[in-house]
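The values are calculated or read from the model by the stated rules, or taken from the named source; none is laboratory data. Computed from a predicted structure; not experimentally measured. Heads up, the Cβs are rebuilt from the backbone with ideal geometry, glycines too, and the neighbour counts pull from every protein chain shown.
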Amino acid sequence: MTNDWKSLRDEVVKFRDARDWKQFHTPKNLVAGLAIEAAELQEQFLWCTDAECEARIRDRKRRKAIAQELADVVNYALLLADRMDLDLPTEIRKKIRVNARKYPVRKSKGSAKKYTEL
């Protein structure tokens, strides 16, 4: 795990541990928290056209709210990775390799189709 990732994970874990919250951080609860925070992030863009969504990310107040929701999503992902004793950067790299096989550039470039439809 790179130092940046480890440092970030350690900060999140330190925050959690100072509040004695580890007892509540079961895999089920962490996944639920992750889904809830992802929904709150999605809510920032609900009912927007693509142009309106782009405007929201340029608006200072909205951008801050979106960034905070995104940070919550990542925090839950880091806590789940910690609970599972996963090296998240390694897992992300593995998934990129899996996706590279599913979505070869020659077939998928410029396409939004799922790999099963390419």
Qualifying positions in segment 103-118 - assigned to a loop (DSSP other than H, G, I, E, B) and surrounded by 10 or more Cβ atoms within 10 Å (Cβ to Cβ)
Tyr103, Pro104, Ser111, Lys113, Lys114, Leu118
Give me the residue from segment 9-28 that is buried (at least 16 other Cβ atoms within 10 Å of the Cβ) and part of a helix (DSSP H, G or I) and, out of that set, modelled with the lowest pLDDT.
Arg9
Check on Ala67, within 24 Å of Leu30 (Cα to Cα) and not polar (S, T, N, Q)
yes
Out of the residues in segment 44-98 meeting the condition of being acidic (Asp, Glu) and in a loop (DSSP other than H, G, I, E, B), tell me which one is surrounded by the most Cβ atoms within 10 Å (Cβ to Cβ).
Asp87
Filtered residues of segment 60-118 (kept if aromatic (Phe, Trp, Tyr) and more than 25 Å from Ala39 (Cα to Cα)):
Tyr103, Tyr115
